[in-house]
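A.B. asks: The structure that follows is given in the form of structure tokens.
The values are calculated or read from the model by the stated rules, or taken from the named source; none is laboratory data. Bear in mind that the values here come from a model prediction, so they are computed numbers and not experimental data. Note: ideal-geometry Cβ built from the backbone for every residue, glycine included; neighbour counts use all protein chains shown. The protein model used for the area step is the full one, side chains on, heavy atoms only, and it has no ligands, DNA or RNA in it. Shrake-Rupley method; radii C 1.70, N 1.55, O 1.52, S 1.80 Å.
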Amino acid sequence: MQIDPAEIIAGYRQGYFLMDNGDGLGWYSSQTRTIMPLDERFRYPKSLRRSLNQNRFTSAINRDFFGVVEGCANRDSTWISDELKMIYLLLYKAGWAFSFETWQDDQLAGGILGLVIGGVFIGESMFFHISEGSKAAMVMLVDHLRSQQFTLFDVQIINPHLERFGAYTISEQEYQQQLQAAIQLRRAFKTGS
């Protein structure tokens, strides 16, 4: 099957996302969408402040994209099939998919896999190898998105972990309004390095 990255991105532009629920790869949407705030509503556990203040982690973009994809897929129950891994690889090569990573010395500590369309970052999945690696990635990613003037951080589906950072749900209609405004923006996700 020939996969066209432009067709995949067209689906995300309309508010859909890809998943493999065990019955094969398919497009999904939701009556509500979960957003990670990029304003003062974003918060993180006080226990994480110590790690961040001690500079235990450094961040990188696409230093180990494949490692992040594998880390996100490597769990007892995963919706990231081999076919979806291949799609992420194609989107990465086409400049749409990114991994935002935390490192402790030369070890990949954690990361967040996502797509960038205009001024929206669509978070697909996250993982950690080292305790607090993914939490630190979340804080550092929000800082990065703010610095690049992104307006929307879509995390798709609510869970208790994301709620701890201030994630909240909005209606499909409100999501569409924010999405369509954000994808019109010209924003660079990866800078300099």
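A.B. asks: Quick check: the distance between the Cα centres of the range 1-32 and the range 140-193, to the nearest angstrom?
C.D. replies: 18 Å
A.B. asks: What Rg and what Dmax come out for the range 91-134 when only alpha-carbon atoms are used, in angstroms?
C.D. replies: My reading of the Cα-based Rg and Dmax gives 11.5, 32 Å.
A.B. asks: Same structure, new question: If Rh is defined by the Kirkwood formula over all Cα pairs and Rg also comes from Cα, what ratio Rg/Rh do you get for the chain?
C.D. replies: Numbers: Rg = 15.8 Å, Rh = 16.9 Å.
Rg divided by Rh gives 0.93.
A.B. asks: Counting DSSP beta bridges with both partners in the range 94-177, what percentage is antiparallel, nearest 5?
C.D. replies: On the way: 16 of 19 bridges.
Percentage antiparallel, nearest 5: 85.
A.B. asks: Sticking with this structure for a sec: If packing is taken as the mean number of other Cβ atoms within 10 Å per residue, what is the order of 78-91, 13-26, highest first?
C.D. replies: Values: 78-91: 16.7, 13-26: 13.4.
Highest-to-lowest ranking by the protection proxy: 78-91, 13-26.
A.B. asks: Let me ask something additional. Based on DSSP H runs of at least 4 residues, each adding -39500 (n - 2.57), what is the mean residue ellipticity at 222 nm of the chain after dividing by all its residues, to the nearest 500 deg cm²/dmol?
C.D. replies: Values: 7 runs with 68 residues, N = 193.
Per the formula, -10000 deg cm²/dmol.
A.B. asks: What number comes out for accessible area per residue over the range 34-111 if the probe is 1.4 Å? Units Å², please. Before the final figure, lay out the partial values.
C.D. replies: Numbers: 4190 Å² over 78 residues.
Here the residues of the range 34-111 average 54 Å² of exposed surface.
A.B. asks: Another one. How high is the relative contact order of the range 51-193, given as a whole-number percent (alpha carbon pairs under 8 Å, six or more residues apart)?
C.D. replies: Numbers: 209 pairs, mean separation 31.4, N = 143.
Taking the mean separation of contacting Cα pairs over the length of the range 51-193, I get 22 percent.
A.B. asks: Still on this model: Run through all the Cα pairs of the range 89-193 and give the fraction in each 10 Å bin from 0, expressed as whole percent.
C.D. replies: Over the range 89-193, the share of Cα pairs per 10 Å bin runs 14, 45, 34, 6, 0 percent.
A.B. asks: For Gln184 and Asp20, compute 0.36 nm times the residue count separating them, minus their Cα-Cα distance, and round to one decimal in nm. Display every interim value, and only then the final one.
C.D. replies: Working: separation 164, 0.36 × 164 = 59.04 nm, distance 2.86 nm.
Computed gain between Gln184 and Asp20 is 56.2 nm.
A.B. asks: Rounded to a whole number, what is D in µm²/s for the range 136-193 from Stokes-Einstein with the Kirkwood radius over alpha-carbon pairs (10 °C, 1.306 mPa s)? Walk me through the numbers before you get to the answer.
C.D. replies: Working: Rh = 12.9 Å.
In µm²/s, the coefficient is 123.
A.B. asks: Let me ask something else about it. Using a 1.4 angstrom probe on heavy atoms only, work out the carbon and sulfur share of the accessible area of the range 52-158 in %. The partial results should precede the final answer.
C.D. replies: On the way: 2030 of 4420 Å².
Of all accessible area on the range 52-158, carbon and sulfur atoms account for 46 percent.
A.B. asks: Here is a follow-up. Let me know the shape class of the range 58-103, please: from the alpha-carbon gyration tensor, a ≥ b ≥ c as square roots of the eigenvalues, rounded when a/c is under 1.5, otherwise prolate if a/b is greater than b/c, or oblate.
C.D. replies: Oblate is the answer for the range 58-103, as a/c is 1.5 or above yet b/c matches or exceeds a/b.
A.B. asks: As a test of understanding, state the convex hull volume per residue of the range 26-101 from its alpha carbons, in Å³. Don't skip to the end; give the middle numbers.
C.D. replies: On the way: hull volume 12.8 nm³, N = 76.
Dividing the Cα hull volume of the range 26-101 by its residue count gives 169 Å³.
A.B. asks: Take the Cα radius of gyration of the range 1-51 and divide it by 2.2 N^0.38 Å, with N its residue count; two decimals is plenty.
C.D. replies: On the way: Rg = 16.9 Å, N = 51, 2.2 N^0.38 = 9.8 Å.
Compactness ratio reported: 1.72.
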